[in-house]
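Notes follow once the structure below has been shown.
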Amino acid sequence: MIIVVTKIIGKIPERIGDLLAHLFIHDIHHRGQVHAMLSGTSVKPPQLDEFFLDYDLKLREAEVERLDLNGGEE
């Protein structure tokens, strides 16, 4: 699928797969930067993997509750 991205230089057709790949890699880059910066301090880096799977839930119940990620469910 092709989408048109509007930039200063004009409209550019881009494959959505290429845009998504760039987005995911860019996200990983910035999460790595945050982790590296916090690792150089006394602040414990948080869990930066925001993708919670059902099989993970029991292992991360306290974190999900603390971050209020349970969607209001008790």
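Here, each number is a calculation from the coordinates, and none is a lab measurement. In this text, all values refer to a predicted model and were calculated from it rather than measured experimentally. Heads up, the Cβs are rebuilt from the backbone with ideal geometry, glycines too, and the neighbour counts pull from every protein chain shown.
Figures for the structure shown
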{"read-out": "Dipole of the chain, positive direction: furthest Cα of Val4, Asn70, His26, with charges on the beta-carbon", "value": "Val4"}
{"read-out": "For the range 1-66, size of Cβ-based charge dipole, Lys and Arg +1, Asp and Glu -1, in debye", "value": "320 debye"}
{"read-out": "Per-residue HN-Hα couplings for the range 33-40 [Karplus 6.51, -1.76, 1.60; θ = phi - 60°; Hz; x = Gly/Pro]", "value": "4, 4, 4, 5, 5, 6, 5, x"}
